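The structure appears right after this line, and notes come after that.
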Amino acid sequence: MAFTDQFEAFLRNALKQKQLENRLIKEALKSLRPVLIASERLVSDSNVLSAVVDREMMIRAITASVARSAQASWGQPMLEALQQELDPFISSQMAFARQMVEATGGSLPGQGLVSVPVKQAVSQAVVNGKTLADTLTTVIPSSLADQVERYIRLGLGDVGGHVVATYQDAVVSVIDRNVVASIRTGIHEVGSRAQSAIYALEADPAWQTDGLVWTAVLDSRTCPTCVALDGREFPTTYEKVSPHLQCRCYLIPKSWRAPGQERIVTGDSGEARASFKQDAGTWVKRNPDTAREIFGATIGSRLVGEWPDTAWGRQQQAQHGPPERISFDQAVKLWPAS
Ligand SMILES: [Zn+2]
């Protein structure tokens, strides 16, 4: 299979995954609404926002009740719904991986050896250090309780006339973002593990010696950590653990990244193809605007060796002269601090 076909197949598969993620996120947010509304009502009915006797005790009772109801009426049913939806998804990801092995010249002597039970997949996929199952049934319900508590305390702290955080800002939007990121990351991990299982257990040993290569999606939304990981080699038995939420990186067979092959990237001049000969760090440096989006304006400008052609950039140039140059590795190290 020509590289283009291979990548088309990859993109088609990624698109299917994206559609599943979007659908499950929509369902998750919809079924979360009644829980969020009930929590708000609980807070307002309790009068805990105005000064009351035994306020601390009341806050504890409210948050415990919010966590319980989020777990029972959202987390648990959501986990079951997710398991149902992910069952066919896992099969399709395994089929995709088999197709990819054969497309890159490998055979599948162990075909049929791998079966990934959905419960196991969901309880092993890791989202920010917790399993996807725990994230839905424990982490999100307790973070909802925490946000409700914050809202109660911020609301009370507002007596002096500061801007109060609305329930929408303090609770709903925070939890929604959490749910979106967790589901997206979780599904990505489940799919990535199902693919890796095929590479490791069903493909012939000669094909496996190539191993897998960490491959980041190169565009302005990529994070420095993932650009730095791009190109790192892993054994075919490796199971991906994302370094952060919403990680879009994938592990691909090394032969896909032969020097003559190209990848699809989105840099300063839009979507294009880039050769795998060039490492990801070099690609970022050659796309200054994208580099500044990835690293932030200051570190990005130091990395590419010039200020942007904006009012801010011209002002920097006038005040400090050209930016003090740093290497890609230095930029990655400086980045979290900025
Ligand atoms: Zn990533």
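The values are calculated or read from the model by the stated rules, or taken from the named source; none is laboratory data. All figures in this text were calculated on a predicted structure; none of them were measured in a lab. So basically every Cβ, Gly included, is an ideal-geometry build from the backbone, and we count neighbours across all protein chains shown.
Among the listed residues Leu11, Leu36, Leu15, Leu32, which satisfies the condition of being touching a Leu at 6+ places or on another chain (Cβ under 9 Å), under 27 Å from Val190 (Cα atoms) and assigned by TED's automatic domain parsing to the domain that holds Val118?
Numbers: Leu11 fails: touching a Leu at 6+ places or on another chain (Cβ under 9 Å); Leu36 fails: under 27 Å from Val190 (Cα atoms); Leu15 fails: touching a Leu at 6+ places or on another chain (Cβ under 9 Å).
From the options Leu11, Leu36, Leu15, Leu32, the qualifying one is Leu32.
Confirm whether Ile187 is under 20 Å from Val116 (Cβ atoms) and either within 16 Å of the ligand (Cβ to nearest atom) or assigned by TED's automatic domain parsing to the domain that holds Tyr151 (or both). Explain how you work it out, then say what you get.
On the way: under 20 Å from Val116 (Cβ atoms): yes; either within 16 Å of the ligand (Cβ to nearest atom) or assigned by TED's automatic domain parsing to the domain that holds Tyr151 (or both): yes.
Yes; evaluated as a whole, the condition is true for this residue.
If you check Val213, Val227, which single one turns out to be within 16 Å of the ligand (Cβ to nearest atom), outside any loop (DSSP other than H, G, I, E, B) and surrounded by 22 or more Cβ atoms within 10 Å (Cβ to Cβ)? It would help to see each step written out before you state the result.
Working: Val213 fails: surrounded by 22 or more Cβ atoms within 10 Å (Cβ to Cβ).
Just one listed residue meets the conditions, Val227.
Of the residues Asp230, Asp176, Asp219, only one is modelled with pLDDT of 90 or more, in contact with an Asp or Glu (Cβ under 8 Å, 6 or more places away or on another chain) and among the charged types (D, E, K, R); which? It would help to see each step written out before you state the result.
Details: Asp176 fails: in contact with an Asp or Glu (Cβ under 8 Å, 6 or more places away or on another chain); Asp219 fails: in contact with an Asp or Glu (Cβ under 8 Å, 6 or more places away or on another chain).
Selected residue: Asp230, the only one of Asp230, Asp176, Asp219 that is modelled with pLDDT of 90 or more, in contact with an Asp or Glu (Cβ under 8 Å, 6 or more places away or on another chain) and among the charged types (D, E, K, R).
Which of the residues belonging to the range 241-256 are more than 9 Å from the ligand (Cβ to nearest atom) and among the basic types (Lys, Arg)?
Residue satisfying the conditions is Lys254 alone.
I'm trying to understand the selection: among the residues of the range 51-82, which are on the phi > 0 side of the Ramachandran plot and touching a helix residue (DSSP H, G or I) at 6+ places or on another chain (Cβ under 9 Å)?
As a first pass, look at the range 51-82 and keep what is on the phi > 0 side of the Ramachandran plot: 54.
Within the range 51-82, no residue meets the criteria.
Looking only at strands (runs of 3 or more DSSP E) that fall completely inside the range 244-338, which ones have 3 or more residues that are surrounded by 19 or more Cβ atoms within 10 Å (Cβ to Cβ)?
Details: elements: 250-253, 262-267, 270-275.
By residue number, 250-253, 262-267.
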